[in-house]
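Shown next, in structure tokens, is the structure this report addresses.
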Amino acid sequence: MQNTLLLTLLLPALAVPIVYVTGRKSSKAAAILLALIAIADIILLSTTVPYILDPATGYRYVESYSWIPVLNSTFALFVDGVSLSLALITLVLILTASLFSINYMQEKKGLAEYYALLTLLFIGLVGVFITSNLMLFYFCWELMLVPAYFIIGGWGYKEPYRAAFKFFIFTHAGAVFVLLGIGAIFMLTGSLDMFQAQTALMTAQPDIVKWILLSLTAGFAVKMAVVPVHMWLPDAHSEAPAPMSALLSGVIIGAGAYAILRVSLGTVFPAIMATDFAVQFLHGIAVLGVLSAFFGSLIALVENDIKRVIAYSSIAHMGYVLFGLSCFGLSLLFSAPSSQLFQVILAGTVLHLVNHAVSKGLFFLSAGAIMKQLEIRDIREMGGLAGQMPITATSSTIAALSIAGVPPFACFISEFLIFVGAFQVISSDGFYLLPTALMLVATVLSLAYALRYLSHVFLGPRKHEEAKEAPFFMKSAMLILAAFVIILGIYPTFFINLINTLSFV
Amino acid sequence: MLPYAPWLVWVAPVISCLFVPLIARLGRRARDYFVVLVSLATAAFALSMIPEVYFNTLSNAESDVAWIPSLGITTGVLIDPLSILFASLISFFSLIIIIYSLGYMAGEEGLTRYYFFMLLFMGSMIGLVMSDNFLQMFIFWEVVGLCSYSLVSFWYKKPEVVKAGSKVFLMTRVGDVCLLGAIALLYASLGSFSFSYTVLHIGEIPLSTLTAIAFLVLGGAVAKSAQLPLQTWLYSAMEAPTSVSALLHGATMVKAGVYLIARFFTLFALFPLVLPMIPFWLSFVAWIGAITALVGATMALYTPDIKGVPAYSTISQIGFMIAALGVASSPYSEGWFAGLFHMISHAFFQGLGFLTIGGIVHALGTRDMRQMGGLRKAMPITFALCLVVLFARTGIPPFASFFSKGLIISSLWSTGNLLLVLTIYAAAAVTFAYTLRFIILTFLRQPSECVKQSHVHEPPKIMLFASSILAILCFVWGFLANSIAQFMQVNVQFGIGEVFSSSTLIFLLILLIGGIPVYLFYYRKPRLMEIVIRSLAPLNIVLEHNYFFDDLYEKVVARGIVKISNGFEYFEDLILSRLPYFAAKGVTALAQSTHKYFDILIDELLYVAANKTVAYSSKLGKTHNESLQRYVVAALLGLLTLIILVIVTMLRVK
């Protein structure tokens, strides 16, 4: 089909008013409509898989449209293996978040606006992954931000607007750096397409490209919430309503990492690969990655608010991804795309984004289920819930163990591949020995906070007799994600095949 | 062998565990029968592979299936004596434990979860030993740890059980992380996870990398097999039901480390000289084993907890195995076989030890041996079984452990390291001592108050049945020693001469050195025992605190990490999360001062300028008529200034 990708974006765009109107009649219908749109988009995107796996098309599926004919400008939508994997998992998360919202948001007001805002967010979330036009990319980047602000502020917990405002200002400030970078690229190359810009930047002055790289990466890092620009995440993720937290932690920070991969490393980095700065840059982001992993894991170990534990765990995992991206950058410098190092580290990093998205989504949704049953948020006051809510307990355990990197759940295989890639990188660049060893230690810490969470919340003597199992839609949403976590852990091959088609030529 | 046996032996239990919750809906009986059936089938699959390996008529030793083709990762099975030995032990032992559980766990709630994890454990442990590549082995290694956590936390409503479960999982995770590093390093050097590929190419790895890999492997083994310094979790794991303790922490999971080191040895089959060249590694292995053997034995001698005796005994006996591996310089050698043979004998006697204790604790309701005594009249069969444990654990012929311990000691002698041999002899003496102490405290002496008050009776027949099978095996196994040696393709022979030799005499003498004091003190003169203990106060304190390892890990390491985390959190709350507010305050202050000083100032200036202009022009308007002279003077002055300026400029230009 010729217009698959455009349709993928148009469907939610056109649906916004329909969802709003439906929502005024029945919020359940609006949620189901949103879920159906997500499923439709999954089907649409899946039709591009044969193109992506076909070497003849350069492992890509591209659609090009003219935008403002007078200015001779076009915009292109495209998917390749990495984009598709992330877009598909985003759609799964949107699907489960809307199903979850049916029960979770039941007693709240203004649900028509809520679902309409979710649909707007939908456009942004998917658009970021399927466009190669930098302006459209930036538009969707900001589109991820604005509806999120309103959702957090309108339906969040204590002082929601303060948290939402912090979130907005922070990520928007980061987005300014992104805009600067994009503007600079346009001025240097006259093109706003990622692929054209990449070739054009090769002939530009390395000094300026250096600054573009730094500016873009700084902006993306803010969205990705790595130390030291992570401050918005704990408040935003813990004060947001649970479905929004799932989307924030699963998809939005993953979009930051994807942007570093696609724009920083894919578009700008090849231009300066020959300089010393390239290696220094990669070392720098490796250090930030290790710092985030430790910082997040250690604080998650002592946090007592149920959602803040999970929020800091997200910071830790983005540290892992950043570390993986750094090793990936090094593999770009030292080896060819067909080499094992490149394949392994790329598979590990992007698969970790996918796996983390489902695991974290499940984690936040199950925490939301618990919060809905008990009105308390301090894990020290909880206990013994395993017998009272078995499905929530099982889902939460699956999520927590996946986050800790225990097989047969999803995040194990991706973390393992990142480590394997990191050890391979050590033979080319000895700098990575200490960071890799430290990351191994951080893996023990992640199990520590996962077990602490489970011990406090689900095990031990019963403290709250009134808690019972979550209602139907919440249960189904959690079970869908739990199934994904297990399937991705046992059979990651489908996504790895897609991801490994990436090449930056 | 049965069709697809190498695959089904682990796939069947793993898949079946998913059906347990479904079948449990049909009723308890259905579920129990299902679990027993699956265990039976698994044992059948495992044992069916023995003949072909024994007679060396295997058609293909390895088969694999692509899992992640683009990265060259496969799932596969390896059939060699080592893997079949372990697989048979695990499946058979699991069957015995499942039968025991039918009686022991009857009436407990949450049994569906119990059997789910028992089957998953069975499948994963067998999968671990049958794997043909490191990644698969590691996945099962971790899943086994997960099952251990779940089963230890079975009675999760008790806080101490929850704490014990987390401790078990975390401590073994430290080892898992070491093993992860080793496997990743191996892959980075060779490009493949497969055992057969590694065997062909391991000599190509530079010695420095190989040293790192070897020590990381040792780290993994030490954690999983509860050796010093990571041995403290095994006692905590005694919070689990006794059947779980017998299976996981007595017979199978803790042997995973022994398997790992034995398998690591076999990787050097084509490069036998490389292994001894790794600096310090073999001596580390031997000494860790020997010291653990002695330390574990002393802790078993001290503990008042009846479950502590087999727990610390396991730590000690695995120390024997690891020491034996440490003095083997190549695979398929005497020491290598000694460790593995002792592993199986140990599984039988220690399993029997756990199972009998389960019956005792069940009857009395207490785990404190000081409150027991005189049980031999009330539980004669259990007493007889425990006597079997005494003889088997100590190593009295014709029990199998006589041959295995004898082989271990003789391979230690062959290194010429006298200190090592003395340590092991000491451990053997203390082994006899603590087992004798256990028998005296529990069965001999006068019946205690607790015993008189409880309605003490033998455990249910099904539990006795399971225990008896193990007892018979303890006895019979010794006669199979030569067959086992042939099975493992090792050049070792046992004969009657072993039994009546001078080394046996030395051994028995040493046992008496350990045993007689215990007999005297615990049986004859218990008061004297108390005086002796008081006089050895410093030793007492060390033993009471388990050599301070628990204190080290809980007070120093764990609290240290929590303090660091608290520090980070404080830093985050105080500074980092406030940074945006500082920035916001700064911006707001700037905006306000701009408003105050700039906006308002300019407004004021304009106002002032406007007023001044108006005032001046009105003033000007008033002086219009009277100042013609003033105008002329002003004009003349201006003209004069202009002339002076022009002259000055002209002078300067010159």
Taking neighbour counts of Cβ atoms within 10 Å as a proxy for exposure, in what order, fewest first, do B:306, A:32, B:602 appear?
B:602, A:32, B:306
Quick one: check the C-alpha center-to-center distance for segment A:201-264 versus segment B:1-61, whole angstrom.
50 Å
Cα point-scatterer Debye curve for segment B:321-361, base-10 log of I(q)/I(0) at q = 0.14, 0.20, 0.33 Å⁻¹:
-0.41, -0.59, -0.96
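With 10 angstrom as the radius, rank B:211, B:232 by how many other C-beta atoms surround their C-beta, starting from the fewest.
Details: B:211 16, B:232 22.
In increasing order of surrounding Cβ atoms, one gets B:211, B:232.
Using C-alpha positions alone, give me the convex hull volume of the protein assembly as shown per residue in cubic angstrom.
Numbers: hull volume 305.5 nm³, N = 1159.
Here the figure is 264 Å³ per residue.
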How big is the Cα convex hull of segment B:261-375 in projection, averaged over all directions, in nm²?
7.7 nm²
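Rank by packing, highest mean first: peptides B:74-82, B:419-427, A:371-379, with packing defined as the count of other Cβ atoms within 10 Å averaged across residues. Don't skip to the end; give the middle numbers.
Numbers: B:74-82: 20.9, B:419-427: 19.2, A:371-379: 16.1.
So the order, starting with the most tightly packed, is B:74-82, B:419-427, A:371-379.
Nearest 0.05, what FRET efficiency do residue A:39 and residue A:196 give at R0 = 41 Å with Cβ-Cβ as r?
Details: r = 34 Å, r/R0 = 0.84.
E between residue A:39 and residue A:196, to the nearest 0.05, is 0.75.
Which value results when the Cα radius of gyration for segment A:76-175 is divided by 2.2 N^0.38 Å? Each step should come with its number before you reach the end.
Values: Rg = 14.6 Å, N = 100, 2.2 N^0.38 = 12.7 Å.
Cα-based Rg divided by the globular estimate yields 1.15.
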For chain B, list log₁₀ I(q)/I(0) at each q in 0.07, 0.10 Å⁻¹, using the Debye formula over Cα point scatterers of equal strength and ignoring solvent, two decimals each.
-0.49, -0.93
Amide H neighbours of residue A:78 under 5 Å, at least 5 residues apart or on other chains, H built in the peptide plane: list them.
A:63, A:131, A:132
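Compute the convex hull volume of the Cα atoms of segment B:548-590, divide it by the residue count, and report the result per residue in Å³ as a whole number.
It is 30 Å³ per residue.
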Computed label-point distance, nm, for sites residue B:274 and residue A:107 using a 7 Å Cα→Cβ extension
6.6 nm
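Over 23 Å, how big is the tail of the calculated P(r) for segment A:280-505, in percent of all Cα pairs? Working shown, then result.
On the way: 12058 of 25425 pairs.
Beyond 23 Å sits 47 percent of the P(r) for segment A:280-505.
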For segment B:634-649, what does the Karplus curve 6.51 cos²θ - 1.76 cosθ + 1.60, with θ = phi - 60°, yield as ³J(HN,Hα) per residue in whole Hz, taken in order and with x for Gly and Pro?
4, 5, 5, 4, x, 4, 4, 4, 5, 4, 4, 4, 5, 4, 4, 4
In square nanometres, what is one fourth of the surface area of the convex hull spanned by the alpha carbons of segment B:529-654?
23.3 nm²
Proximal lysines relative to residue A:25, as straight alpha-carbon distance under 17 Å, when same-chain residues fewer than 8 apart are discounted:
A:108, A:109
Part-to-part distance (alpha-carbon centres) for segment B:560-600 and segment A:315-333, which is given in Å:
30 Å
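Using a Cα distance threshold of under 19 Å, what count of lysine pairs results for segment A:280-505 when pairs must be 8 or more residues apart or interchain? Let's see the in-between values first.
Numbers: A:307/A:360; A:307/A:372; A:307/A:475; A:360/A:372; A:360/A:475; A:372/A:463; A:372/A:468; A:372/A:475.
Pairs that pass both the separation and distance tests number 8.
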Under 22 Å between alpha carbons, and skipping anything fewer than 8 positions from residue B:307 in its own chain: which lysines qualify?
B:157, B:158, B:163, B:167, B:224, B:255, B:377, B:452, B:461
Spin-label model distance (nm) - residue B:30 vs residue B:419, 7 Å beyond Cα toward Cβ
6.4 nm
Could you state the number of Å between the C-alpha centres of segment A:459-493 and segment B:246-315?
39 Å
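Compute the relative contact order of chain B as a whole-number percentage, counting only Cα pairs closer than 8 Å that sit 6 or more residues apart in sequence. Numbers along the way, then the final one.
Working: 899 pairs, mean separation 70.1, N = 654.
It comes to 11 percent, rounded to a whole number.
Sorted from largest to smallest, which semi-axis lengths in Å does the alpha carbon gyration tensor of segment B:469-522 give for its equivalent ellipsoid, taking the root of 5 times each eigenvalue? Mind showing how you got there, number by number?
Details: eigenvalues 171, 57, 14 Å².
Those come to 29, 17, 8 Å.
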In peptide A:403-410, how many Cβ atoms from other protein chains are near each Cβ within 10 Å, on average?
5
Cross-link reach from residue B:585 to lysines, straight Cα distance under 24 Å and at least 8 residues apart if same chain, gives A:158, A:166, A:223, B:596
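From the C-alpha coordinates alone, can you work out the Kirkwood hydrodynamic radius of segment B:2-41, in Å? All intermediate terms of the calculation are to be shown ahead of the outcome.
Values: mean 1/r = 0.0948 Å⁻¹.
Averaging 1/r across every pair of different Cα atoms and inverting gives 10.6 Å.
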Binned at 20 Å from zero, the C-alpha pair distances of chain A give percents of 25, 59, 15, 0
Could you please rank A:327, B:17, placing first whichever residue has the fewest other Cβ atoms within 10 Å of its Cβ?
B:17, A:327
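None of the figures in this text is laboratory data; all of them are computed from the coordinates on show. Every value quoted in this text rests on a predicted model; they were computed, and no experiment measured them. Using ideal geometry, Cβ is built from the backbone for each residue, glycine included, and neighbour counts are taken over all protein chains shown.
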